[in-house]
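Below is one structure; the comments refer to it alone.
The values are calculated or read from the model by the stated rules, or taken from the named source; none is laboratory data. For clarity, every value in this text was computed on a predicted model and none was experimentally measured. Positions of Cβ are backbone-derived with ideal geometry, glycine not excepted, and every protein chain shown enters the neighbour counts.
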Amino acid sequence: MKKTNKNKVKEFIRVDHAGERGAIKIYEGQLLALNTFIKDDDLKKTIEEMKVHEKEHCEYFENEIKERNIEPTKFLPLWDMLGVGLGFLSTILGKKAAMLCTASVEEVIDEHYSNQIKQLESDEKKLKEKIIKFREDELHHKDIAYEEGATKKGIYSILDKIIKTGSKIAINISEKI
C-alpha cells in the first residue's frame, strides 16, 4: 500500500481548512450586504443554504487540524477580512457579480480538490472520501451560481480573473504558511 506523504496531508488539511473558512466569510460578507443595502430575499436564502455546506466542510477540517496537531495558516485573520470584503463588494455590485464570485471560487476549488484527490493514497481513505464529497458540494454551488445569473460576459470577465487569481494566491500561501 502506497502512503501519502505526511507533509502533503498537512498542507492539504491546512489549506482546505482556510478555504472552507474563507467561503464562509465570503457568504457572511454577501449576507451583510443583503441585510443592510441590498434587499433580495431569494438571493439571501440561496446564500444561506450554500453557507450550511461550507460550515460542515470547515468543521471537518477544524477537527482534522486538532486531531492531527496541524498548525492552521497564519493568514487566517487576513483571509477572513478579505473574504468578508469580497463577499460584501461583489454583492453591492449586484446579483450577477455576487453569483460570479461563488462560481469563480468554486471553479478554482474544483481544480484544487481534484488535484488533492489524485494525490491521496489508500492510507488516507476517509480524508479522500470527504474531499470527494466536498468537491461535489462545491460543484453544486457553482451550478446554482450560474442558474442564479453568474456570467463572465463583458466586465464580469475581469472580476472572474481577479477572484480566481486571488483564490489561487491564497491557496499557495496557505499550503505553506
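List of remarks:
- Apart from one condition, Lys51 fits all of (1) assigned to a loop (DSSP other than H, G, I, E, B); (2) in contact with a Phe, Trp or Tyr (Cβ under 6 Å, 6 or more places away or on another chain); the exception is (1).
- Hey, Asp143 part of a helix (DSSP H, G or I), out of contact with any helix residue (DSSP H, G or I) (no Cβ under 8 Å at 6 or more places or on another chain) and not β-branched (Val, Ile, Thr) or not: yes
Listed here are the residues, each with its yes/no results for (1) loosely packed, with under 14 Cβ neighbours inside 10 Å; (2) out of contact with any Phe, Trp or Tyr (no Cβ under 9 Å at 6 or more places or on another chain); (3) in contact (Cβ under 8 Å) with a residue 24 or more places away in the chain; (4) not β-branched (Val, Ile, Thr).
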position	(1), (2), (3), (4)
Trp79	no, yes, yes, yes
Thr102	no, no, yes, no
Ile109	no, no, yes, no
Gln116	no, no, yes, yes
Lys125	yes, yes, no, yes
Gly149	no, yes, yes, yes
Ile158	yes, yes, no, no
Lys161	yes, yes, no, yes
Ile169	yes, yes, no, no
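- Residues of region 81-93 satisfying the condition of being surrounded by 15 or more Cβ atoms within 10 Å (Cβ to Cβ), within 15 Å of Leu34 (Cα to Cα) and of a type outside the set (Ser, Thr, Tyr): Val84, Leu86, Gly87, Phe88, Leu89, Ile92, Leu93
- Note on region 1-18: residues that are in a helix (DSSP H, G or I) and either modelled with pLDDT under 95 or not small (Gly, Ala, Ser) (or both) amount to 12.
- Test result for Glu64, closer than 22 Å to Leu139 by Cα and at pLDDT 95 or above: no
- Put simply, of Lys45, Lys74, Lys39, Lys66 the only residue that is surrounded by fewer than 21 Cβ atoms within 10 Å (Cβ to Cβ) and under 27 Å from Lys125 (Cα atoms) is Lys66.
Residue-wise test of (1) over 18 Å from Lys25 (Cα atoms); (2) assigned to a helix (DSSP H, G or I); (3) β-branched (Val, Ile, Thr).
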residue	(1), (2), (3)
Val108	no, yes, yes
Ile117	yes, yes, yes
Lys125	yes, yes, no
Glu136	yes, yes, no
Thr151	yes, no, yes
Lys168	no, yes, no
